């Protein structure tokens with residue numbers, strides 16, 4: 001009787017290790033960027049918007065998102 | 001290539017249904033969240049509000065409190081249900097007399113609709129009518145009042161949720177425990193490991209995927225609690241059991257503030273996703289570090 005092939009997950013989680021504390025693929029990094037963008041926007045509206053306009057939060061999120069996608 | 005095309009063809013009905021019942025409503029809520037839409041307001045129809053609904057949200061103390069309360073409730077019930085469910089699953093995995101009968105009786109709460117569970121528990125604990133306050137008062141001289149005591153209302157809701165959902169946790173974990181390979185466990189016992197070591201270093205790691213699934217299902221489910229709390233306490237006394245689902249319901253339906261309600265729902269979805277993601281990272285990283 002031929003030996004059966006071990007069952008494998010259909011999609012293997014490939015990724016790389018950057019400055020984030022875990023292995024991430026592109027989708028993970030996009031996800032983290034979106035999550036952080038929303039968090040920054042909400043916190044900005046709550047605490048910072050009296051002093052600085054909201055579009056600055058957008059710029060900060062964009063830069064952070066780029067850093068995460070590039071080196072995360 | 002051919003099998004790939006066949007796979008997509010087989011998946012198409014599911015994907016179409018998912019798109020219609022999952023993605024389209026989500027996109028609609030996302031869209032409405034950026035508008036002011038109140039059918040009773042002087043302005044007819046929807047007016048563009050940008051991020052104003054979200055700006056209003058981050059200062060809405062009632063909403064933030066209800067969100068905190070919901071997370072607190074979720075954390076308590078999921079932890080208790082997981083521990084209790086695991087213990088019961090461990091008990092039920094070993095054969096004993098009357099096991100099938102006990103299993104049948106035990107899963108009965110699962111088949112009862114949440115709204116009926118809320119109504120039944122209300123009949124049990126309502127002062128002046130229910131047996132729980134009556135017997136507590138009679139035998140222990142303890143006044144149990146869910147209508148006036150926030151602690152009693154909280155406690156009743158927690159016990160009710162645990163009673164309702166522990167069978168689900170038990171059944172799922174039981175399925176996982178039954179499917180575990182026996183050889184490593186027996187081998188460990190032969191090698192001199194005691195039962196605690198087998199449980200700690202073999203059963204728990206092997207059960208981790210099932211535990212993760214159960215925790216996520218229950219976590220997301222507990223965050224959406226509405227009907228049971230609506231029937232049992234209706235968010236009271238005061239705002240002490242007004243969970244976020246109830247809070248949204250009270251904003252959307254009586255006030256018909258659809259834009260703001262959509263923004264609240266999206267924020268709850270956001271927090272649910274973030275919490276689940278963090279939980280997943282924490283649980284899987286702990287497993288990897290142990291390896």
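We did not get these values from a lab; they are worked out from the coordinates using the rules stated. Small disclaimer: the values here were computed from a predicted structure and weren't measured. Positions of Cβ are backbone-derived with ideal geometry, glycine not excepted, and every protein chain shown enters the neighbour counts.
Comparing B:74, B:256, B:14 in a Gaussian network model of chain B, where Cα atoms under 10 Å apart are tied by springs, the biggest mean-square fluctuation is seen for B:14. Full extension of the chain segment joining residue B:83 with residue B:145 gains 19.5 nm, where the gain is 0.36 nm per residue of separation less the Cα-Cα distance. Taking chain B as a Gaussian network of alpha-carbon nodes connected by springs under 10 Å, the highest mean-square fluctuation of the residues B:13, B:127, B:254 belongs to B:13.
Using a simple spin-label model with pseudo-atoms 7 Å out from Cα toward Cβ, residue B:186 and residue A:64 lie 5.5 nm apart. Annotation for residue B:21 and residue B:42: the two label points, set 7 Å from Cα along the Cα-Cβ direction, are 4.4 nm apart. Working note: Debye formula, equal point scatterers on the alpha-carbon atoms of the stretch B:1-97, no solvent; log10 I(q)/I(0) at q = 0.11, 0.16, 0.18 Å⁻¹ is -0.78, -0.93, -0.96.
Taking every pair of alpha-carbon atoms in the protein assembly as shown, what share in percent sits in each 20 Å bin, from 0 to the bin with the longest distance? Bin by bin from 0 Å, the calculated values are 20, 50, 27, 2. Computed from the C-alpha gyration tensor, the three semi-axes of the ellipsoid equivalent to chain B are 38, 31, 18 Å, from longest to shortest. Averaged over the residues of B:220-233, the number of partner chain Cβ atoms lying within 10 Å of the residue Cβ comes to 0. What the pair-distance distribution of the stretch B:205-291 shows, using all Cα-Cα distances binned every 5 Å from zero, is 3, 13, 17, 18, 16, 12, 9, 7, 4, 2, 0 percent. Quick check on the stretch B:56-136: take the gyration tensor over C-alpha atoms, sort the square-rooted eigenvalues as a ≥ b ≥ c, and tell me if it's rounded (a/c under 1.5), prolate or oblate. Because a/c hits 1.5 or more and a/b fails to exceed b/c, the stretch B:56-136 counts as oblate. Per residue of peptide A:38-46, the mean number of Cβ atoms on other chains within 10 Å of the residue Cβ is 4. Put in order of Cβ neighbour count within 10 Å, fewest first, the listed residues B:111, B:226 become B:111, B:226.
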